[in-house]
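*Asks:* Below: one structure in structure tokens.
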Amino acid sequence: MGKLAVSTKNYKHCDLIEVEGRIDGSTAPDLAQALDVLTNDGRFKIVLDMSQVSFISSAGLRVLVEIQKRCKHLNRGELVLSAVPQRIYEALDLGGFIPLFQFFDDTLDAVGSF
């Protein structure tokens, strides 16, 4: 069972969520809760900094897809992924998730995209 650290920074045009650790069946609810707080508050432009993510399971992928659907509903915004490690990108690619997200190598570029 891994640990997950999630921190949120609010900016004028978007919100940045920094994640550190493993996103798996036991920790995916923590990520979902952090994302739910933003979307329930009407904030739908979200950057997810994945530079410190070491693993993502199907439960974590499901959270990302669900939040992306919520953000894009009625063109309110989107969830963009930044600094995705190669291993995580390969998992997203294998699952067919690449077309669902916009990717940025640099978190500042991702924040600036909004």
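*Asks:* Can you tell me what share of the DSSP beta bridges in the chain is antiparallel? A percent to the nearest 5 is fine.
*Replies:* About 30 percent, rounded to the nearest 5.
*Asks:* Label PHE55 and ILE98 with points 7 Å out from Cα along Cα→Cβ: what is the distance between them in nm?
*Replies:* 2.5 nm
*Asks:* Counting only other residues whose beta carbon sits under 9 Å from that of ALA83, what net charge do I get with K and R as +1, D and E as -1?
*Replies:* Result for the neighbourhood of ALA83: -3.
*Asks:* For the chain, rounded, prolate or oblate, judged on the Cα gyration tensor with a ≥ b ≥ c (square roots of eigenvalues), a/c < 1.5 rounded, else prolate if a/b > b/c?
*Replies:* Rounded, since a/c falls under 1.5.
*Asks:* Here is a follow-up. Quick one: what does P(r) look like for segment 1-67 with 10 Å bins over all Cα pairs, in whole %?
*Replies:* The percentages, shortest bin first, are 22, 58, 19, 1.
*Asks:* Evaluate the distance, in nm, between pseudo-label points positioned 7 Å from the Cα of ASP41 and of HIS13 along their respective Cα→Cβ axes.
*Replies:* Result: 2.0 nm between the two label points.
*Asks:* Run the simple label-point estimate for TYR89 and ASP106 please: 7 Å along Cα→C-beta, distance reported in nm.
*Replies:* 1.6 nm
Each reported figure results from applying straightforward, stated rules to the coordinates on display, with no laboratory input. Small disclaimer: the values here were computed from a predicted structure and weren't measured. For neighbour counting, all protein chains shown are included, and Cβ atoms are generated from backbone atoms with ideal geometry for every residue, glycine included.
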